[in-house]
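Data block below; observations after.
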Amino acid sequence: MLTGLFMLWTLFAIWRRGFRAHAPEFRLFLEGEIPVGAKIAPFLAIIVGVMYVLYGGVATPSKPPASAAALCVVLAVLIYRMWQPRDWWQILRDRRASR
């Protein structure tokens with residue numbers, strides 16, 4: 001319910017400020033961009049994966065966060081082509097000493 005109310009308030013606020021998605025300058029701005037679907041596909045894959053694990057009966061309700069983390073790792077490997085363990089070590093090592 002809160003999500004719906006936040007969405008309605010946001011729509012009202014941008015309508016009040018005069019934002020229009022059909023305005024010509026808005027369309028020209030988005031013409032050269034990557035399609036929105038390609039940008040949000042990894043996030044949707046994580047959400048769908050977690051929902052499948054939760055509602056598909058694959059795991060108990062306490063396990064979907066772990067499956068989401070595993071999906072993030074798989075997507076990072078596939079998207080950024082991080083095949084070598086040393087690439088992962090650069091991400092996972094403690095960076096506090098360099099500050």
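Quick one: which helices (runs of 4 or more DSSP H) lie wholly within region 1-80 and hold at least 1 residues that are under 30 Å from Ile91 (Cβ atoms), modelled with pLDDT of 85 or more and open to solvent by 100 Å² or more (accessible area, probe 1.4 Å)? Of the helices (runs of 4 or more DSSP H) lying wholly inside region 1-80, those with at least 1 residues that are under 30 Å from Ile91 (Cβ atoms), modelled with pLDDT of 85 or more and open to solvent by 100 Å² or more (accessible area, probe 1.4 Å) span 36-55.
For region 81-91, the candidate set comprises residues that are in a helix (DSSP H, G or I) and of a type in the set (D, E, K, R); within that set, the residue that is most open to solvent (accessible area, probe 1.4 Å) is Arg86.
The values are calculated or read from the model by the stated rules, or taken from the named source; none is laboratory data. Just so we're clear, the structure is a prediction, and the values are computed from it rather than from any experiment. Methodologically, a virtual Cβ is constructed for each residue, glycine included, from the backbone with ideal geometry; neighbour enumeration extends over all protein chains shown. Only protein heavy atoms, including side chains, enter the accessible area calculation; ligands, DNA and RNA are left aside. Shrake-Rupley method; radii C 1.70, N 1.55, O 1.52, S 1.80 Å.
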